[in-house]
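The values are calculated or read from the model by the stated rules, or taken from the named source; none is laboratory data. This is a predicted model, so every value here is computed, not measured. Cβ placement follows ideal geometry from the backbone for every residue including glycine, while neighbour counts extend to all protein chains displayed. For accessibility, only protein heavy atoms count, side chains too; no ligands or nucleic acids. Shrake-Rupley method; radii C 1.70, N 1.55, O 1.52, S 1.80 Å.
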Amino acid sequence: MTKVIDHYRPSVCKLSRQELLERLSAALSAKRFAHVQRVEQVAIKLAQQYDVDIQKASVAGLCHDYAKQRPDKDFIKVIKAKHLSASLLDYGNAIWHGLVGAEMVKDELGIYDEDILNAIRQHTVGDAYMTPLAQIIYMADYIEPARSFAGVDQARQLVQKDLGAGVAYQTKHTLQYLIENNQPVYPQTLVTYNAWVPKYGKELN
Ligand code: GDP
Ligand code: FE
Ligand code: FE
């Protein structure tokens with residue numbers, strides 16, 4: 001297993017896993033660096049179970065929070081330079097680190113695989129259509145072993161049964177949490193809700 005991901009296929013990532021770890025360790029606090037490595041391990045396991053590319057799961061798991069600790073001004077610069085949706089400017093780091101952070105992963109780490117970049121873009125807010133890889137990263141981030149919120153065990157069980165049901169569960173509970181805490185909801189989060197929650201509703205209660 002580890003052999004498979006010591007060196008990635010060049011189309012997945014030109015850096016070796018060790019080089020990638022060094023770049024991440026420089027960009028992240030020790031705590032967040034440990035988080036992305038746990039997410040990678042869960043993502044690799046799910047990729048094996050659901051027959052998804054293991055190298056892509058490794059790179060996307062490691063890089064999903066690459067931009068999390070960047071100052072706001074870096075995101076604002078990228079939103080403007082790349083002409084990303086101006087409505088992004090109404091939000092903050094929670095939304096930017098995935099949707100805008102993927103651009104930093106591409107430009108700074110040289111990762112061009114669109115499956116990986118989309119999984120990073122979608123890891124916080126989801127989307128109506130998500131590839132199995134994107135579903136895996138969305139769920140691995142939510143259920144990694146250090147997560148301990150109420151409901152995490154149900155999420156872990158659902159993911160074993162049906163990845164899509166897990167996506168629906170997380171989406172429903174995140175929206176519930178945001179509303180209960182009077183937080184702004186990014187419109188794509190509602191798009192994700194409409195695409196996944198009614199479809200899997202029966203399995204969530
Ligand atoms: P992390 O980066 O590993 O901490 O995990 P995530 O990227 O999944 O989540 C980052 C934060 O974004 C969490 O606190 C979520 O509750 C929050 N979040 C998810 N969706 C939305 C949304 O639509 N609006 C806002 N304001 N926050 C959201
Ligand atoms: Fe994140
Ligand atoms: Fe994360």
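Structure summary
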{"item": "Estimated vicinal HN-Hα couplings, Hz - region 43-56 in sequence order (Karplus 6.51, -1.76, 1.60; Gly, Pro = x)", "result": "5, 5, 4, 5, 5, 5, 5, 9, 6, 10, 4, 5, 5, 5"}
{"item": "Those residues of region 136-175 whose amide nitrogen sits under 13 Å from the label point placed on residue 45, 7 Å along Cα→Cβ", "result": "140-147, 153, 156-161"}
{"item": "Per-residue ³J(HN,Hα) for region 172-183, Karplus 6.51 cos²θ - 1.76 cosθ + 1.60, θ = phi - 60°, Hz, x for Gly and Pro", "result": "4, 6, 5, 4, 4, 4, 4, 5, 4, 9, 6, 8"}
{"item": "Nitroxide proxy distance, nm - points 7 Å out along Cα→Cβ at residue 162 and residue 84", "result": "3.3 nm"}
{"item": "Region 149-205 shape via C-alpha gyration tensor axes, a/c threshold 1.5", "result": "oblate"}
{"item": "Within the chain: Cβ-based charge dipole about Cα centre, in debye rounded to nearest 20 (Lys, Arg +1; Asp, Glu -1)", "result": "160 debye"}
{"item": "Relative contact order (%) - region 1-115, alpha-carbon pairs under 8 angstrom, separation at least six", "result": "29 percent"}
{"item": "The chain: calculated mean residue ellipticity at 222 nm from DSSP helix runs of at least 4, using -39500 (n - 2.57)", "result": "-20000 deg cm²/dmol"}
{"item": "Orientation-averaged projected area, Cα convex hull of the chain (nm²)", "result": "11.0 nm²"}
{"item": "Apportionment of accessible area to carbon and sulfur, region 159-201, percent (1.4 Å)", "result": "52 percent"}
{"item": "Sequence of 142, 129 when ordered by accessible area, the most exposed leading, probe 1.4 angstrom", "result": "129, 142"}
{"item": "Ellipsoid equivalent to region 83-124 - semi-axes via the Cα gyration tensor, in Å", "result": "18, 11, 9"}
{"item": "Karplus 3J(HN,Hα) series, Hz, for region 162-170 with 6.51 cos²θ - 1.76 cosθ + 1.60 (x for Gly, Pro)", "result": "6, 4, x, 5, x, 4, 4, 4, 4"}
{"item": "Cα convex hull of region 110-205 - mean projected area over all directions, nm²", "result": "6.7 nm²"}
{"item": "Euclidean distance of C-alpha centroids, region 1-59 and region 100-123, integer Å", "result": "13 Å"}
{"item": "Solvent accessible area, Å² - residue 180, 1.4 Å probe, full protein context", "result": "140 Å²"}
{"item": "Calculated Rg and Dmax of region 1-95 using C-alpha coordinates, Å", "result": "15.2, 44"}
{"item": "Relative packing of peptides 113-119, 23-29, 37-43 - highest average C-beta neighbours within 10 Å first", "result": "37-43, 113-119, 23-29"}
{"item": "Pairs from 172/202; 45/68; 80/106 whose Cα-Cα separation, in the structure shown, is over 21 Å", "result": "45/68"}
